[in-house]
Amino acid sequence: MAAQEQALSTRSIEAGVYHSRQDPWCRLCKDAPETVQHIVALCKMLAGTAYTERHNQVAGIVYRNICAKYRLEVPKSKWETPPKVVENGRDKVLWDFKFQTDKQLLDNQPDMMVVDKEQKRAVVINVAVPADSNIRKKEHEKIEKG
């Protein structure tokens with residue numbers, strides 16, 4: 001609750017509200033004020049590691065739930081990287097699988113794809129874990145990719 005209300009003691013809060021410091025800048029990138037929003041979604045020092053790890057953890061939860069729903073083998077640990085392909089007689093789930101298309105796509109490697117072999121239908125699933133203020137932007141990005 002405190003994070004949503006910007007009540008965590010970030011450098012920006014300490015400088016602007018508590019007046020206990022003069023420097024509000026992010027301790028990692030030093031490019032922007034250290035706010036909750038910046039830490040959660042904008043800091044370039046976290047972009048390649050922490051944000052990717054958070055994305056993969058959330059995608060892994062979705063993947064395990066899909067596997068359970070379709071009675072496919074579910075990874076035992078949440079830390080275990082899912083196999084590229086799991087399938088049974090009727091369904092197949094692809095994880096982070098690059099596929100070829102007739103039409104050139106910006107993103108031909110979705111997080112997951114669920115294939116119904118009998119109906120010959122596939123559902124592409126791309127996961128995003130944006131901060132509240134970036135939900136619409138991220139939704140637009142995902143729609144434009146596919």
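The values are calculated or read from the model by the stated rules, or taken from the named source; none is laboratory data. Fair warning: this is a prediction, and the values are worked out from it, not measured in the lab. Cβ: placed from backbone, ideal geometry, glycine included. Neighbour counts: every protein chain shown. Surface accessibility is based on the protein's heavy atoms, side chains included, excluding ligands, DNA and RNA. Shrake-Rupley method; radii C 1.70, N 1.55, O 1.52, S 1.80 Å.
Excluding same-chain pairs closer than 8 in sequence, count the lysine pairs in the stretch 1-109 whose Cα atoms lie under 22 Å apart.
Close lysine pairs under the 22 Å cut-off: 9.
With each run of n ≥ 4 DSSP H residues scored as -39500 (n - 2.57), what mean residue ellipticity at 222 nm is computed for the chain after dividing by its residue count and rounding to the nearest 500 deg cm²/dmol?
On the way: 4 runs with 41 residues, N = 146.
Computed ellipticity for the chain at 222 nm equals -8500 deg cm²/dmol.
Got a sec? What order do 86, 17, 40 fall in by accessible area at 1.4 Å, biggest, i.e. largest, first? Kindly include the intermediate steps, with their values, before the conclusion.
Values: 86 20, 17 90, 40 55 Å².
Solvent-accessible surface, decreasing: 17, 40, 86.
Once semi-axes √(5λ) of the Cα gyration tensor in Å is worked out from the coordinates, which option in [x] 138, 15, 10; [y] 33, 17, 12; [z] 39, 17, 12 does it equal?
Identified label for the calculated read-out: [z].
To the nearest 10 degrees, how steep is helix 135-145 against the longest Cα principal axis of the chain, on a 0 to 90 scale?
Tilt of helix 135-145: around 40 degrees.
When ligands, DNA and RNA are left out and all protein chains stay put, how many square angstrom of accessible area per residue does the chain have with a 1.4 Å probe?
Working: 10260 Å² over 146 residues.
Solvent-accessible surface per residue comes out at 70 Å².
By how many degrees, 0 to 90 and rounded to 10, does the Cα axis of helix 50-69 deviate from the longest principal axis of the chain?
30 degrees
Loop only per DSSP, at most 14 neighbouring Cβ atoms within 10 Å: give me the trypsin sites (Lys or Arg not before Pro) in the stretch 43-146, ordered by residue number.
Filter output for the stretch 43-146: 71, 76, 78, 84, 90, 98, 103, 117, 120.
Report relative contact order for the chain in percent, whole number only (criteria: Cα-Cα under 8 Å, sequence separation at least 6). Provide the component values of the computation, followed by the final result.
Numbers: 169 pairs, mean separation 19.8, N = 146.
It rounds to 14 percent for the chain.
Hey, any idea what % of the stretch 32-146's accessible area is carbon plus sulfur with a 1.4 Å probe? Could you put the intermediate results ahead of the total?
Numbers: 4160 of 7910 Å².
The value for the stretch 32-146 is 53 percent carbon and sulfur by accessible area.
Please report the accessible area of residue 20 (heavy atoms, 1.4 Å probe, ligands and nucleic acids excluded) in Å², nearest 10.
Its heavy atoms expose roughly 80 Å² to the probe.
Considering the options 46, 130, 114, tell which one lies farthest towards the positive end of the dipole of the chain, charges being +1 on Lys and Arg and -1 on Asp and Glu at the Cβ, about the Cα centre.
Final value for the positive-end residue is 114.
Classify the stretch 84-132 as rounded, prolate or oblate from the Cα gyration tensor: take a ≥ b ≥ c as the square roots of its eigenvalues, call it rounded if a/c is under 1.5, otherwise prolate when a/b beats b/c and oblate if not. Please report the intermediate quantities before stating the final value.
Details: a/c = 2.16, a/b = 1.40, b/c = 1.55.
The shape class here is oblate.
Where is the GNM fluctuation largest for the chain (alpha-carbon springs, 10 angstrom cutoff): 128, 50, 41?
50
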